[in-house]
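Shown next, in structure tokens, is the structure this report addresses.
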Amino acid sequence: MNETKIRQLGKVGVLFGGRSAEREVSIMSGSGVLAALKSRGVDAHAFDPAERSLAELAAEKFDLVFIALHGRYGEDGSLQGVLEQLGVPYTGSGVMASSIAMDKIFTKKIWQHHQLPTPNYVVLTPETELRLVPDELGLPLIVKPPHEGSTIGITKVNGYSDMQEAYALAAQFDDEVLAEEFIQGRELTVAVLGAGAQAYALPVIEIVAPEGNYDYQNKYFTDDTKYLCPAPIDAELTAKIQKMCVEAYRAINCEGWARADVLLRASDNQPFLIEINTSPGMTSHSLVPMAARAAGMSYEDVCMEILQTARLKIKPDSKKESN
């Protein structure tokens with residue numbers, strides 16, 4: 001990208017931090033993105049919505065915004081709606097796609113409608129007979145809050161007696177709780193860039209965590225987890241998984257970038273979609289930059305490619321504008 005095009009980007013805000021449970025990770029992601037954009041000559045500025053008001057965001061008069069927020073109030077469509085109101089183009093998915101992807105239950109319903117494979121599940125509420133859930137999903141099973149990311153509030157339930165404690169933990173984060181069939185197998189992730197017919201998948205990554213426990217600590221703060229990129233699976237299966245992830249991305253109408261998490265069942269190599277993140281991590285341990293490197297793109301390259309997709313997703317009402 002030449003200097004003229006970089007200048008035409010104007011004043012760019014990098015939004016990170018925020019008020020979600022993933023604030024710490026978002027600060028690491030946003031700091032990396034900010035440094036990358038500045039290294040390419042972009043007039044980039046940090047903005048933390050947890051420390052500054054929406055009025056200050058409007059007053060900054062950003063020409064574009066790179067969203068490096070994770071979780072609620074940044075990845076769930078709420079901030080995207082604010083930016084649409086302010087008329088500030090932004091990276092990533094729009095209001096609807098962001099809010100859908102943040103809701104793992106709604107996401108699974110859409111994938112099922114499109115006949116995309118995802119584990120069986122039960123939605124848990126305070127009225128649910130928890131002791132009956134393992135009979136429906138089998139053991140072990142997974143219990144998690146459907147509106148959180150980064151493995152926050154997740155429990156692997158191995159017995160009937162574990163259900164109450166697992167539900168109580170997840171319920172600290174959500175009114176509804178998701179119980180999901182446990183898929184024994186390999187953990188994979190696939191980053192997708194672009195939009196619509198131009199969306200494409202980056203190389204598949206396999207995650208090998210200590211004792212199979214890819215928790216918050218092993219995800220962001222240790223070097224014990226191994227990442228195999230490209231994943232050591234044959235070309236035909238790789239293409240199948242990449243195609244499935246692009247279809248999952250399009251089904252929710254994602255754009256810009258996202259990362260789909262997949263479990264590959266050991267018994268028959270059947271892949272299952274677990275969730276999709278519309279504002280994935282961009283830390284030193286994060287998987288989108290790793291996949292991009294395997295495709296020949298530097299961290300700075302992928303940041304610039306994402307930035308160039310920034311736009312408003314809701315078309316203005318021409319009738320109202322003409323009045």
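The values are calculated or read from the model by the stated rules, or taken from the named source; none is laboratory data. Computed from a predicted model, the values in this text were never measured in an experiment. Note that each Cβ is placed from the backbone with ideal geometry, even for glycine, and that neighbours are counted across all protein chains shown.
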Next on the checklist: without any contact (Cβ under 8 Å) to a residue 40 or more places away in the chain and not in a loop (DSSP other than H, G, I, E, B): is that true of A248 in this structure?
Outcome noted: no
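Tally up the residues in the range 156-207 that are among the hydroxyl-bearing types (S, T, Y) and within 20 Å of the chain's Cα centre (by Cα), please. Show your work before the answer.
First pass over the range 156-207, keeping only residues among the hydroxyl-bearing types (S, T, Y): 160-161, 167, 189, 200.
Now drop any that are not within 20 Å of the chain's Cα centre (by Cα), which leaves 189, 200.
Of the residues in the range 156-207, 2 are among the hydroxyl-bearing types (S, T, Y) and within 20 Å of the chain's Cα centre (by Cα).
Applying the selection to the range 138-155, what residues are under 22 Å from I276 (Cα atoms) and either more than 21 Å from the chain's Cα centre (by Cα) or assigned to a strand (DSSP E or B) (or both)? Give the steps one after another, and end with the answer.
Pass one, the range 138-155, residues under 22 Å from I276 (Cα atoms): 141-155.
Passing the criteria: L141, I142, V143, K144, T155.
Would you confirm whether or not the range 40-60 contains a residue that is charged (D, E, K, R), outside the structural domain of P289 (by TED's automatic domain parsing) and part of a helix (DSSP H, G or I)?
Within the range 40-60, the subset charged (D, E, K, R) is 40, 43, 48, 51-52, 56, 60.
Right, trim to outside the structural domain of P289 (by TED's automatic domain parsing) and you get 40, 43, 48, 51-52, 56, 60.
Still in the running and part of a helix (DSSP H, G or I): 56, 60.
Within the range 40-60, one or more residues are charged (D, E, K, R), outside the structural domain of P289 (by TED's automatic domain parsing) and part of a helix (DSSP H, G or I).
Being within 26 Å of K315 (Cβ to Cβ), free of Cβ contacts under 8 Å to residues at least 60 places away in the same chain and not small (G, A, S), is that true of even one residue in the range 90-110?
yes
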Checklist entry - Among (1) over 22 Å from R311 (Cβ atoms); (2) out of contact with any strand residue (DSSP E or B) (no Cβ under 9 Å at 6 or more places or on another chain), which single condition is S31 missing? => result (2)
Checklist entry - How many residues, within the range 240-272, are in contact with a strand residue (DSSP E or B) (Cβ under 6 Å, 6 or more places away or on another chain), under 17 Å from A97 (Cα atoms) and of a type in the set (A, V, I, L, M, F, W, C)? => result 6
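I'd like to know if the range 67-74 contains one or more residues that are of a type in the set (A, V, I, L, M) and over 14 Å from the mean Cα position of the chain (by Cα). Give the steps one after another, and end with the answer.
Initially, the range 67-74 is screened for residues of a type in the set (A, V, I, L, M), giving 67-69.
Still in the list and also over 14 Å from the mean Cα position of the chain (by Cα): none.
Checked against the condition, which is being of a type in the set (A, V, I, L, M) and over 14 Å from the mean Cα position of the chain (by Cα), the range 67-74 yields no hits at all.
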Next on the checklist: Any residue that is part of a strand (DSSP E or B) and either in the same structural domain as W257 (by TED's automatic domain parsing) or farther than 30 Å from L237 by Cβ (or both) - is there at least one of those in the range 159-177?
Outcome noted: yes
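Going by what's in this entry, would E247 be described as closer than 30 Å to D43 by Cβ, at pLDDT 95 or above and of a type in the set (D, E, K, R)?
Working: closer than 30 Å to D43 by Cβ: no; at pLDDT 95 or above: yes; of a type in the set (D, E, K, R): yes.
No; evaluated as a whole, the condition is false for this residue.
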Next on the checklist: Among the residues that make up the range 154-162, is at least one of them within 24 Å of E24 (Cα to Cα), surrounded by fewer than 22 Cβ atoms within 10 Å (Cβ to Cβ) and touching a Lys or Arg at 6+ places or on another chain (Cβ under 6 Å)?
Outcome noted: yes
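So is T283 in contact with a helix residue (DSSP H, G or I) (Cβ under 8 Å, 6 or more places away or on another chain) and either farther than 22 Å from G74 by Cβ or modelled with pLDDT of 95 or more (or both) or not?
Working: in contact with a helix residue (DSSP H, G or I) (Cβ under 8 Å, 6 or more places away or on another chain): yes; either farther than 22 Å from G74 by Cβ or modelled with pLDDT of 95 or more (or both): no.
So T283 fails the test.
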